[in-house]
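What follows draws every value from the coordinates through simple rules; no lab data is involved. Note that the structure is predicted; figures quoted are calculated from it, not measured. When we count neighbours, we look across all protein chains shown, and the Cβ atoms used for this are built from the backbone with ideal geometry, even at glycine.
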Amino acid sequence: MLDYAALSALAAVIREGSFERAARALHVTPSAVSQRVRLLEERVGCALVVRDQPCRPTPTGRRLCQHVDRVRLLEQDLHGTLPALAPKGVARVTLPVAVNADSLATWFAPAIADFAAAAPVLVDLAVDDQDHTAEWLRSGAVLAAVTATARPAAGCNSRPLGAMRYVAAASPAFVARHFAGGVGAGSLASAPSLVFNTKDALQARWVRRLCHRHVELPRHSLPSPQAFVTAARAGMGWGLHPQALIAPWLADGSLVELVPGTPLDVPLHWQHARAASSLLDGLSRAVQAAARTALAR
């Protein structure tokens, strides 16, 4: 029989990032949290927490935290059918979800906000590149993810959402300064580009499709979709932007497409754990409904 008091302590340490904050969240002393985790590690026979700043789970610790997340979902469903077992007050369960920043900045935030306003949940969002959010599922760090990966992670279902449409755009002054002779491999190799972070390959993919070869791009790193737009409008560089996000600035002319008619569509998928949970099912319905109206089919 698993010790769920110890498992809850482990999950709190990972969620809060330290033994002290976990103790405050659980209303116990830090020594009590430390003892519970230590006894659990002794029983399992390996370390479960990397005691760093912040604390991180080992692979086994992550699997146990994922188990706790699923058990809490099942308990929440049980409370709905057997109210006498429900704790006093509002009992909320944490739903860890991974999403790419561009989806979060456009269609995903309103969908999950509406869901969380009506459901007894606390959403814990992790933001990563759409080509890497599936790794959060495979590691057990989250229960669901918006990802560019169609193949489901082990123990998960995968459903297509539609495609996020991107356009390469910059300010008119930037285009006049750097692309007066046209957009090609030579001009792209010298014009500053914008990337979200080192994982962001959208600009390189668009350039390869346009030029039929790899071009090494000079780049500024800006880990924010809104900062991307601000920087592009100010003439800092060119980049791939979600068409829905920059539609107003394309309309008023403060941003222009580098090569009109060359969008890049990135198919997105919703992957979630195969947990028998009405809350997870409800979240999936909300996400899919929002994607149907926001993404290209």
Proxy reagent accessibility, fewest Cβ within 10 Å first, across Thr29, Thr147, Thr133: Thr29, Thr133, Thr147
Structure-derived volume of the Cα convex hull per residue in Å³: which label, when the choices are [x] 137; [y] 124; [z] 157: [z]
Furthest towards positive pole of dipole, Trp107, Gln203, His27, structure part the chain, Cβ charges: Gln203
GNM flexibility winner over the chain from Asp200, Asp131, Asp252 (Cα, springs under 10 Å): Asp252
Region 164-266: relative contact order as a whole-number percent, Cα under 8 Å and 6+ apart: 47 percent
Expected 222 nm ellipticity per residue - DSSP helices of 4 or more, -39500 (n - 2.57), all of the chain, to 500: -13500 deg cm²/dmol
Estimated translational D of region 1-64 in µm²/s (Stokes, Kirkwood radius over Cα pairs; 4 °C; 1.567 mPa s): 115 µm²/s
Total charge dipole magnitude, region 106-205, about the Cα centre, Cβ charges on Lys, Arg, Asp, Glu only, Debye to nearest 20: 320 debye
Charge dipole (region 1-64, unit charges on Cβ, about Cα centre) - positive-most of Thr60, Leu39, Ala9: Thr60
Cα-centred dipole magnitude for the chain, charges only on beta-carbon of K, R (+1) and D, E (-1), debye, nearest 20: 300 debye
Region 164-266, dipole about Cα centre (Lys/Arg Cβ +1, Asp/Glu Cβ -1), debye to the nearest 20: 220 debye
Gain in span if fully extended, Arg209 to Asp124, counting 0.36 nm per residue against the direct Cα distance: 27.0 nm
For the chain, share of DSSP beta bridges that run antiparallel, in % to the nearest 5: 65 percent
